[in-house]
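Asker: Okay, handing you the structure first.
The values are calculated or read from the model by the stated rules, or taken from the named source; none is laboratory data. Keep in mind the model is a prediction, meaning the values are calculated, not measured. Ideal geometry is used to build each Cβ from the backbone, glycine not excepted, and the neighbour counts take in all protein chains shown. Ligands, DNA and RNA are stripped out before the accessible areas are found, and what is left, the full protein with its side chains, is counted by its heavy atoms. Shrake-Rupley method; radii C 1.70, N 1.55, O 1.52, S 1.80 Å.
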Amino acid sequence: MDEFYIGVMSGTSLDGIDIAFCEIKPHSFELLYSAVYPFDKELKVDILSAINAPITLKTIGELDTRLGKMYADAIESFIYEKKIDKNKIRAIGLHGQTLWHEPNSKYPFSMQLGNPSVVTAQTGVRVVSDFRQKDIALGGQGAPFAPAFHNYLFSKLEGNIAVLNIGGMANLTILGDELIGYDTGCGNVLIDYWASQNNNTAYDEDGKWAKSGTVNAELLKLMLKEPYFSKEAPKSTGRELFNGNWLKKQLELFSLKRGGNSHIKNRDVQATLLELSVKSIANEVKKTSTDLLIVCGGGVKNSYLMERLKDELSGIEVVSSDECGVSSEFMEAMAFAWLAYERVHKRCVKLSSVTGASKDSILGAIYE
């Protein structure tokens, strides 16, 4: 029986709301329609403020509702524009916006906002959300979740396959007898941050600004000493670590090492940040026996980033998932449509080998 699901994702970069309408059968998956809707600019500023500064419970509650309303508006626009019959939609898979991810604290948690009750009340469609909580309750990282979907899509390909998703953070999936996956560290988040702070642009288009600069080897070496990069998997991270304050501290340490004489051009910092993403990813891929690296996520659009990644991984075939017939731009939205499908059918998602949870489990809560 054919079933139709919508997947909704807004990632660490806060650059848009990805929506995918998918037809899912027991042994096939097809992306039928997709679109990107703008992320509310005022809401983006407020979310970043909430991440980087103390806030009240009132603010958190209001952000939750505001995000739910933003998602619901985008979903309704999508359904109208694509002329989709609501009655055919089995469920909406809604990841929500991660505000804070802390799986290694004394009381581990991961907080995603975007009230699913608001979404189902406004759209009239069942919503599956709260995907990460059960995995964390079972001792897992609650992230990344993409490896389970990567395994579903690409496990039948021959050879030593790895899948790399470059969003705000970058996560790597190693396909094999045992599924392995983890966040390698920063993907686009610092590159985008520096561009927004110094170039008044949301991102560095095609990496042109980074390409105009020169990598500062000393600064790069300093940043690569971040303990997260040498931490063993399972591991996951987010803006709670890699953010403007982290970068500020790195630049201050760089200045101290130079006796206070740390003049470095903004474009050289940008070049170094792009190289940080490339090196931290490539260092992990090189630990594996990968023959083919399939890349998806917003980073695919950064042609210079992809060029540097291919240079760094010479000997390994690096392709975008588009070349394998799967949308690189909507991979994560598709993943949450699939996760909603798995939840509706009460199936365990095989993720414990990725997250470190004590066992695989049914993930997500259903809001009727």
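Asker: Only one of (1) open to solvent by 50 Å² or more (accessible area, probe 1.4 Å); (2) in a loop (DSSP other than H, G, I, E, B); (3) over 20 Å from Leu309 (Cβ atoms); (4) at pLDDT below 95 is not met by Leu256, so which one is it?
Answerer: It fails just one condition, (2).
Asker: Go through the range 277-291 and count every residue that is within 18 Å of the chain's Cα centre (by Cα) and not aliphatic (A, V, I, L, M).
Answerer: The total comes to 3.
Asker: Any idea how many residues of the range 22-39 are outside any loop (DSSP other than H, G, I, E, B), hydrophobic (A, V, I, L, M, F, W, C) and open to solvent by 10 Å² or more (accessible area, probe 1.4 Å)?
Answerer: Residues meeting the conditions: 5.
Asker: Next up: Quick check, is Ser262 open to solvent by less than 20 Å² (accessible area, probe 1.4 Å), outside any helix (DSSP H, G or I) and more than 22 Å from Lys301 (Cβ to Cβ)?
Answerer: Criteria not met by Ser262.
Asker: Out of the residues in the range 169-178 that are open to solvent by 20 Å² or more (accessible area, probe 1.4 Å) and in contact (Cβ under 8 Å) with a residue 60 or more places away in the chain, state the one that is farthest from Gly140 (Cα to Cα).
Answerer: Ile174
Asker: Scan the range 114-135 residue by residue and report those that are open to solvent by 10 Å² or more (accessible area, probe 1.4 Å) and not in a loop (DSSP other than H, G, I, E, B).
Answerer: Within the range 114-135, Pro116, Ser117, Val118, Thr120, Ala121, Gln122, Gln133, Lys134 qualify.
Asker: Then there's this: Could you list all residues from the range 48-71 that are surrounded by 13 or more Cβ atoms within 10 Å (Cβ to Cβ) and at pLDDT 95 or above?
Answerer: Listed by number, the residues that qualify are Thr59, Ile60, Glu62, Leu63, Asp64, Thr65, Arg66, Leu67, Gly68, Lys69, Met70, Tyr71.
Asker: A further question follows. So is Ser280 open to solvent by less than 10 Å² (accessible area, probe 1.4 Å) and touching a Phe, Trp or Tyr at 6+ places or on another chain (Cβ under 6 Å) or not?
Answerer: Yes, satisfied.
Asker: Here is a further query. Looking only at the range 194-233, filter to residues that are within 23 Å of Asn171 (Cα to Cα) and of a type in the set (Phe, Trp, Tyr); which one of those is most open to solvent (accessible area, probe 1.4 Å)?
Answerer: Tyr203
Asker: Further question on the same structure: Name the pairs: first residue in the range 198-220 and over 15 Å from Asn188 (Cα atoms), second residue open to solvent by 60 Å² or more (accessible area, probe 1.4 Å), Cβ to Cβ under 7 Å, at least 6 apart or on different chains?
Answerer: So the pair list comes out as Asn198/Asn266; Ser212/Arg267; Gly213/Lys265; Gly213/Arg267.
Asker: Next question, about the same structure. Is it the case that Ser13 is within 21 Å of Leu153 (Cα to Cα), polar (S, T, N, Q) and open to solvent by 10 Å² or more (accessible area, probe 1.4 Å)?
Answerer: Answer is no for this residue.
Asker: Do you know which of the residues in the range 72-103 that are without any contact (Cβ under 8 Å) to a residue 12 or more places away in the chain and not in a helix (DSSP H, G or I) is most open to solvent (accessible area, probe 1.4 Å)?
Answerer: Applying the filter and picking the extreme gives Lys83.
Asker: A follow-up question, please. Could you grab me the full set of residues in the range 234-253 that are basic (Lys, Arg), outside any helix (DSSP H, G or I) and either open to solvent by less than 20 Å² (accessible area, probe 1.4 Å) or more than 16 Å from Ala170 (Cβ to Cβ) (or both)?
Answerer: Listed by number, the list holds a single entry, Lys235.
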